[in-house]
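Right, one structure below, let's go through it.
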Amino acid sequence: MAKIYKEKTISNYANSFYGSSSEPYSANIKQQAKTMQGVGDSLVNQAKEDYGTLVNNQSQQAMNDLLSNPSLSSNPKALAGEMDKMRDKISSEIVDDDVKKNFLVNYELNKSSYVNKAQANFDNIQRQKQKSAAFDSIYNSIDSMGLAFSNGIMGTGNADDLINATRANASILQKINSTYPDGTYVFTDEQRRRFAKDLENGIFNSFKSSFYDIPEEKKQAFIDNFKNSGGVVSLPTKDGEAQIKYSDLLEPQTYNKVKEFVDQQEYRAYLEKKKKNTIREYQEKQDMYDAEMELSDAL
């Protein structure tokens, strides 16, 4: 009985490893080896995938660090160069060809996005610089035009003032309507309207200031000149003298504002003259009355 049990046990063990008596031992061993090979390949592939993920994460973090560098964040060419150095370093440390190939493919895809971001940052900085320069140029030209206009009113202007005023006006219009390389306006419609209004106010304020500085005895002559001819500025030139109309120097809105101001000054001058006449007439009547009273007292 013990002998039968022992044989049966050995037989069952052998069958569990080598297969049943109806199967060849070699076939079962090959099946076991194939299974083990599959498990091994799966583990190797998983290890490669994990390693590739680690490498790609390392690469991405390095790219983020490079992009956050102020000296590279808006310099696409320099950023690309530093990224390639990082790629070469990481790639040289990868021993598996499949992992290295996958890393290089992912790197090129990511690199394009990071370089595009740096280019966008660069373009934005350039746009801000262009906008700032145009803004300063507009107000500097407004000041130059107002000064040249003032010199003409005061009678101290010359041909240079006329040239400066003309150039300043052209510069203002060009800068107000300047565009970026892609064709879009540097300034919004609202901003361009504000610049035009500031130009109008700048010239008008310069005109008022200059008018008030004119000697009193010359103000009426200035008003008469404007009323009779629409305003003429006489500028000495190499050939003698140039007569320039205010309407030729100023934008229509500014000219109308100046004309309105001159009309107001004419009316004020009229009221002032009338007031002086009234006071003079009153004084004359008062003097006559006083003289009559003195004569009456004497009689």
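Throughout, read-outs are computed from the coordinates displayed, never taken from laboratory work. None of the values given here were measured: they were computed from a predicted structure. Counting neighbours? That spans all protein chains shown, and the Cβs are built from the backbone with ideal geometry, glycine included.
Roughly how many Å is it from the Cα centre of segment 54-104 to that of segment 116-195, as a whole number?
44
Mind giving me the FRET efficiency for ARG167 and LYS245? R0 is 22 Å, r the Cβ-Cβ distance, nearest 0.05 is fine.
Values: r = 18 Å, r/R0 = 0.84.
Plugging the Cβ-Cβ distance into 1/(1 + (r/R0)^6) gives 0.75.
Aspartates and glutamates near LYS245 by alpha-carbon distance under 18 Å, same-chain residues fewer than 8 away left out - which ones?
LYS245 reaches ASP160, ASP161, GLU200, ASP224, GLU260, ASP263.
Please list, ordered by chain and number, the residues whose modelled amide H lies under 5 Å from the amide H of LYS245; skip anything fewer than 5 residues away on the same chain.
Amide H neighbours of LYS245: VAL233.
At ILE125 and ASN228, where each label point lies 7 Å from the Cα along Cα→Cβ, what is the point-to-point distance in nanometres?
It is 6.2 nm.
Structure shown: which of LYS85/LYS129; LYS197/LYS273; LYS89/LYS111 lie over 24 Å apart, alpha-carbon to alpha-carbon?
Working: LYS85/LYS129 31 Å; LYS197/LYS273 35 Å; LYS89/LYS111 15 Å.
Table pairs above 24 Å Cα-Cα are LYS85/LYS129; LYS197/LYS273.
Can you list the HN-Hα couplings for segment 252-257, worked out from phi with the Karplus curve (6.51, -1.76, 1.60; θ = phi - 60°), rounded to whole Hz and with x for Gly and Pro?
Couplings: x, 5, 5, 4, 5, 5 Hz.
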